[in-house]
Each structure stands twice: as structure tokens, then as C-alpha cells.
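First the structure, in the form of C-alpha cells, and then the observations on it.
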Amino acid sequence: MRVLVLNTGSSSVKYEVFATRDDGLASLASGLVEGIGEEAGASHLTPADATRRTDTVRVDDHDAALGLVVDALAGSHLDEGLAAVGHRVVHGGEAFAEPTVLTDAVVERLDDLSPLAPLHNPPAVAGIRVARERWADLPHVAVFDTAFHQTLPPTAYRYAVPEDWYRDHGVRRFGFHGTSHRCVAGLAATALGRPLADLKLITLHLGNGASACAIDDGRSVDTSMGLSPLAGLVMGTRSGDLDPGVVFHLVRAGMSVDEVERTLNRASGLLGVGGSNDVRRLREAAAAGDDAARLALDVMARRVRAYVGAYLAELGGLDAVVFTAGIGEHDPATRAAVIEPLAHLGLVLDPAANAAADAADGPVRISPVGTAPAVLVIATAEEATIAADTLAVMDGAR
Ligand code: ADP
């Protein structure tokens with residue numbers, strides 16, 4: 001049996017095909033159609049043997065992009081035995097705390113949530129509509145980035161603003177990257193050989209988008225992103241936390257709200273401070289004496305550290321810190337910059353293990369054996385988790 005996972009963004013569609021095996025799910029191929037609506041788009045397909053094929057094509061809209069996905073799957077016989085399609089949806093609001101079978105009514109409700117996630121949900125809904133037409137015979141399941149955080153207590157999800165802003169406008173913390181935080185928390189429990197329900201964890205998803213999560217008893221109890229994925233940690237191009245007064249200051253200075261929003265989302269974070277959103281380039285530049293690059297890396301690490309401290313206080317104890325996603329998995333210097341100054345809180349790194357960590361084959365411990373809390377590097381598997389959720393929802397529905 002095969003499952004297709006689709007992740008539809010504003011200008012790209014990412015996809016991955018999984019096959020069920022006795023020992024779990026195996027990835028057969030992944031692909032990406034990018035440049036939707038732009039002059040030059042491209043379609044890439046990477047089978048499991050990593051021989052990437054790329055075609056340069058014009059991709060007018062999401063319908064055309066999904067058409068390319070259909071063609072790529074059919075051309076390589078990957079669509080044979082397809083049993084379901086799992087869709088990543090960024091915002092599920094308060095309505096969706098679990099993966100959900102997509103019906104017309106559910107799609108309408110997702111559309112209604114678009115004001116809460118104007119940059120993310122409309123393209124996902126567009127992709128879902130097209131995919132449900134193209135694969136009309138297959139069940140489609142939505143898996144939400146927000147769902148895992150629906151266990152946050154009101155003390156963590158309510159902002160200190162008038163109650164009617166919450167009631168009438170949905171102004172509250174939702175949190176994102178839930179699929180990734182949930183995935184690595186489960187893998188951490190397995191690696192530690194303890195039930196997830198017994199653990200207090202801080203998971204750090206540090207990719208182009210970045211967020212921290214405090215997990216107690218297997219449940220998310222706090223997370224750094226908020227109403228939108230703009231809050232919290234310093235990200236590739238997003239500012240993370242800032243004084244809301246900054247927005248009013250800039251609007252009064254003549255900038256449009258759209259311009260401020262675009263700049264905070266696309267031209268801030270590591271890019272805004274250091275000139276690149278790629279940590280590899282920033283490290284090279286910093287090593288060559290570029291002070292702005294150095295500062296960007298230090299601002300990012302300091303913010304992560306501050307969240308670790310805050311969540312340690314909130315959790316009242318800690319069994320493990322988990323690093324995941326592009327930076328968390330591949331940048332030993334960021335891990336050291338976050339953990340080493342926290343020795344007074346009992347967090348210790350094994351420098352050799354940190355330098356050598358490669359989580360491709362499974363979780364790696366980068367704290368000395370025998371010390372607690374553990375510090376772990378774990379590769380996130382969001383698409384595989386979406387595929388597993390999709391199969392679980394289908395099993396439940398049968
Ligand atoms: P996304 O949020 O787009 O899924 P990723 O989780 O793939 O992002 O993370 C992408 C980021 O990870 C890159 O922008 C880069 O900063 C960082 N990264 C990837 N590989 C390395 C590496 N070998 N060393 C340092 N940073 C890396």
C-alpha cells in the first residue's frame with residue numbers, strides 16, 4: 001500500500017510517496033514543483049536512490065503544479081497502489097486537534113480559517129481542492145501543524161489582551177511545527193528507553209522556520225510560535241519575537257502594513273541581521289571576520305537559550321533537550337552556543353559527540369553518558385509522520 005504526502009505552499013508543492021512495509025514506512029521518492037506563478041518554474045523528482053531529475057517548466061497555478069505531480073508519479077509508476085493522500089495544513093485553529101478526513105465541509109472550514117493564516121492556508125486549501133479532484137477516488141486526510149499544541153493550557157495560549165479579541169478574533173497562541181515536535185518527542189522517548197508519558201522534554205526545531213516546544217507527559221504545554229508562525233525564535237527570514245510597538249512605529253513612519261508584514265516574514269531574522277538565511281554561509285562569513293554574520297548567529301543562539309531557560313522553569317524539571325531540523329541536525333556550533341552556557345542548569349555537552357553527530361541513522365546523544373538531562377540530535381520526519389497519521393485515520397475510519 002502506498003501513501004502520497006502533499007505539502008502545498010504559496011509558490012511550491014512538495015510531495016513524497018511512502019510504501020507500507022512490515023517494519024514501518026519506506027520512502028519511495030520525493031519531489032518538488034517550485035516557481036508557481038513565476039516566470040520560470042521547475043519540477044524535481046528524487047527517487048529513493050537519490051538520482052534527482054529536474055525539468056524546467058512554466059507553472060501557472062496550483063492546478064498546473066498538481067498536474068506535474070500527477071505526471072511525475074504516473075511516469076515513474078509511483079501512483080500504483082496509492083491508497084490515500086495526506087495533506088500538511090499549517091493552521092487548524094481550535095477546530096482541529098487531530099488528523100481529519102477531508103470532506104467538502106472540512107475544506108470549507110479550512111477556508112474559513114484563512115484569515116488566521118493568510119500566508120499559509122489559502123495555498124494549502126487550493127492544493128487540497130485540486131488534489132481531491134485529481135484523486136477523487138482516494139481518501140484525503142489533513143494533518144495540522146497546530147494540532148499537537150491544542151493541549152496548551154490557557155495560561156500559555158492566552159495573550160494578555162481583552163477577552164473579546166480572543167472570543168471574536170481568535171487572538172491566542174496556536175503554535176506550529178506540531179508534527180515535527182511530536183515526531184522527535186516520540187523518537188526521544190524510544191532513544192531514552194522510557195515512556196513518553198514520563199518525560200519532560202524541550203524540543204528545538206531549528207530550520208528555516210524555527211520553534212521551541214515544552215513537552216510534559218507527551219503533551220505540548222508551551223511553544224514559541226503564536227497566532228502566526230512569525231513569533232518566537234529568530235528564523236531564516238522571520239524576526240521571531242519583537243515589541244508590537246515596532247509595527248506601529250514603522251506604520252506611522254509611512255510603511256504600509258503589507259510592507260511591514262512582508263519584511264518581518266521575508267527579510268528579517270538571520271537574513272536581515274547577517275545578510276544570509278543560510279547558517280553555513282553565515283559561519284563562513286563570520287570566520288572571515290564578518291561582524292554582521294557573527295551577530296546574526298549570536299542573536300539566534302541567545303534567543304534559543306532564553307527559551308530553553310524559560311521552558312526549564314515552566315516544566316519544573318527536564319529529561320532531555322532535542323535538536324532537530326536543518327540547523328539543529330547539522331550545525332554543531334549552534335548546539336554548543338545554546339547548551340554550553342547552561343552548565344549551571346545541569347546541561348552538559350560532549351564536544352566530540354556534538355562535533356560528530358549525524359542523526360541520519362537514528363537519534364544521537366551529545367551529552368556525556370550518565371549526565372542528565374540528556375541532549376539529543378534527532379532527524380525529524382514530518383512527511384513520514386503525516387503518512388503514518390493518514391494511515392491511522394483510515395484504519396480508524398474503517
Ligand atoms: P525548512 O524549514 O525549509 O524545512 P530545513 O529544516 O531544511 O528548513 O533547514 C534549512 C536550514 O538549515 C538552512 O537554511 C541552513 O541554515 C541550515 N543547514 C542545513 N544544512 C546545514 C549544515 N550542514 N550546517 C549548518 N546549517 C545547515
Select from region 122-151 the residues that are assigned to a loop (DSSP other than H, G, I, E, B) and touching a residue at least 12 places away in the same chain (Cβ under 8 Å) and list them in ascending order.
Trp135, Leu138, Pro139, Asp145, Thr146
For region 288-317, how many residues are assigned to a helix (DSSP H, G or I) and touching a helix residue (DSSP H, G or I) at 6+ places or on another chain (Cβ under 9 Å)?
17
I'd like to verify a number: residues in region 275-293 that are more than 11 Å from the ligand (Cβ to nearest atom) and either surrounded by 17 or more Cβ atoms within 10 Å (Cβ to Cβ) or under 19 Å from Gly209 (Cα atoms) (or both), how many?
5
Considering (1) more than 13 Å from the ligand (Cβ to nearest atom); (2) surrounded by 15 or more Cβ atoms within 10 Å (Cβ to Cβ); (3) of a type in the set (A, V, I, L, M, F, W, C); (4) without any contact (Cβ under 8 Å) to a residue 12 or more places away in the chain, say which one Leu264 fails and leave the rest.
(4)
I need every pair where a residue in region 155-175 that is modelled with pLDDT under 95 has its Cβ under 7 Å from the Cβ of a residue that is part of a helix (DSSP H, G or I) and buried (at least 17 other Cβ atoms within 10 Å of the Cβ), sequence separation at least 6 or different chains.
Gly170/Leu116
Which of the following residues is hydrophobic (A, V, I, L, M, F, W, C), at pLDDT 95 or above and in a loop (DSSP other than H, G, I, E, B): Ala352, Ala379?
Ala379
Which of the residues that make up region 155-181 are more than 16 Å from the ligand (Cβ to nearest atom), in a helix (DSSP H, G or I) and of a type outside the set (Ser, Thr, Tyr)?
Ala156, Glu163, Asp164, Trp165, Arg167, Asp168, His169
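With the structure loaded, tell me whether Gly86 is touching an Asp or Glu at 6+ places or on another chain (Cβ under 8 Å), modelled with pLDDT of 90 or more and small (Gly, Ala, Ser) or whether it fails that test.
yes
The values are calculated or read from the model by the stated rules, or taken from the named source; none is laboratory data. Just so you know, these numbers come straight off a predicted model, no measurement behind them. Counting neighbours? That spans all protein chains shown, and the Cβs are built from the backbone with ideal geometry, glycine included.
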